[in-house]
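Colleague: Just dropping this structure here.
Any read-out appearing in this document is the output of simple, stated calculations on the displayed coordinates, not a laboratory observation. Remember, it's a predicted structure, so these values are computed and weren't measured experimentally. We place every Cβ from the backbone using ideal geometry, glycine too, and count neighbours over all the protein chains shown.
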Amino acid sequence: MYHFTPYNLTLRGSIVNINEPWVMGILNLTPDSFYSDSRCNESTMIEQRVNQIITEGAKIIDIGGYSSRPGANDITPDEEYSRLATGLDIIKRIAPNAIISVDTFRADVARRCVNNWGVDIINDISGGEMDPEMFSAVADMHVPYILMHMQGTPRDMQKAPHYDNLMCEVFRSLGERVELLHEMGVADVILDPGFGFGKTMEQNYEMMARLGEFRLLECPILAGVSRKSMVYRLLGTTPEESLNGTTALNTIALMNGASILRVHDVREAVEAVKIYQQCLISD
């Protein structure tokens, strides 16, 4: 079991020392997410979800307006931003001090969210692959960047994922991009190996078992496995029935070096963090 490694993030111009794993709560503004119970399409639902995320103990709200499920419909940047702006307006009104991450692969959308709404973190599922301007945008805005690995695009990533050497290829891809981001002046990079994004179920579990190897890149690691197919296909259930499996995987992720858990179910993830921390004290 890995002991948690403290790290710093620059948020709103101040250096924040993070001494324990954080939970990131998902605020989903898409109408076609793979997990139907997470969809928030009305103001009242968004308010309720924001309050739930905060009350249950998440440190970050991750807001997304573009569905990245396999085969999801494409939408324009303006439509994506419009969805995000609706949610950001509500967050700023009812939780003005909340740390906000925006889930987008588009540099223009990222810029608008940071400049217009003071968003704190950019979470890019494509790791800069789907918009060549993203790295420059993040460097200009001086915000932390979540760098995720994905083979292919959301439309085709699960058709036939193939690697000659899974861990070597994902590690090399992330490592090269971390180096480039640092050279461009991006100080805070968080790594997401991309569970479910261009990987088979078996490859996802291989990455989970070897998650700690990514610590060699000296960046915090985010694990996003919440209610994904690697859980419900293995167990023969559905996303709606995958809370127990998700909690088990989140606990394994913490033990294998994860610094941030990105989840639908905040309370259960916060409890997993507490149990993990108690194990460290007792070790």
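Colleague: Hey, can you grab everything whose amide H is under 5 Å from the amide H of residue 192? Only 5+ residues off in sequence or another chain; H modelled, so Pro and N-termini drop out.
Modeller: Those lying under 5 Å, H to H, from residue 192 are 147, 148, 149, 222.
Colleague: Follow-up. Taking the Cα centre of the chain as origin, work out the dipole magnitude from +1 charges on Lys and Arg Cβ and -1 charges on Asp and Glu Cβ, in debye rounded to 20. List each step's numbers first, then the result.
Modeller: Values: 24 positive and 38 negative charges, 88 e Å.
Using Cβ point charges on Lys, Arg, Asp and Glu, the chain gives about 420 debye.
Colleague: Would you kindly work out the equivalent ellipsoid of the chain from its C-alpha gyration tensor and give its semi-axes, the square roots of five times the eigenvalues, largest first in whole Å? If you can, show how the numbers build up before the last one.
Modeller: Details: eigenvalues 118, 94, 89 Å².
They are 24, 22, 21 Å, listed from largest to smallest.
Colleague: Across segment 20-282, how many lysine pairs, 8 or more apart or on two chains, come within less than 20 Å at their alpha-carbon atoms?
Modeller: Numbers: 59/92; 59/274; 159/199; 159/228; 199/228.
Going through segment 20-282 pair by pair, I get 5.
Colleague: Then there is this: Give, in nm to one decimal, the length gained when the segment between residue 19 and residue 237 is fully stretched (0.36 nm per residue of separation minus the Cα-Cα distance). Write out the running numbers ahead of the final one.
Modeller: Numbers: separation 218, 0.36 × 218 = 78.48 nm, distance 3.56 nm.
Fully extending the segment from residue 19 to residue 237 adds 74.9 nm.
Colleague: Further, regarding this structure: Given DSSP loops and a limit of at most 14 other Cβ atoms within 10 Å, what is the longest stretch of the chain that contains no such GluC sites (Glu not before Pro)? Intermediate results must be reported in sequence, preceding the final value.
Modeller: On the way: sites that count: 42, 133, 218.
With a cap of 14 other Cβ atoms within 10 Å, the longest stretch comes to 43-132.
Colleague: Run the numbers on segment 20-282 and let me know its relative contact order in percent, using alpha-carbon pairs under 8 Å that are six or more apart. Present the calculation step by step, with values, prior to reporting the outcome.
Modeller: Working: 473 pairs, mean separation 49.7, N = 263.
For segment 20-282, the relative contact order is 19 percent.
Colleague: When a/c is below 1.5 the answer is rounded, else prolate if a/b is larger than b/c, else oblate, so apply that to segment 170-283 with a ≥ b ≥ c taken from the square roots of the Cα gyration tensor eigenvalues.
Modeller: On the way: a/c = 2.06, a/b = 1.36, b/c = 1.51.
Verdict is oblate for segment 170-283.
Colleague: GNM on the chain, C-alpha springs below 10 Å: top fluctuator among 163, 66, 145?
Modeller: So, out of 163, 66, 145, the one fluctuating most is 163.
Colleague: Could you sort 48-54, 272-278 so that the peptide with the highest average Cβ count within 10 Å comes first and the rest follow in order? Before the final figure, lay out each step's value.
Modeller: Values: 48-54: 18.6, 272-278: 16.3.
So the peptides 48-54, 272-278, ranked by packing, come out 48-54, 272-278.
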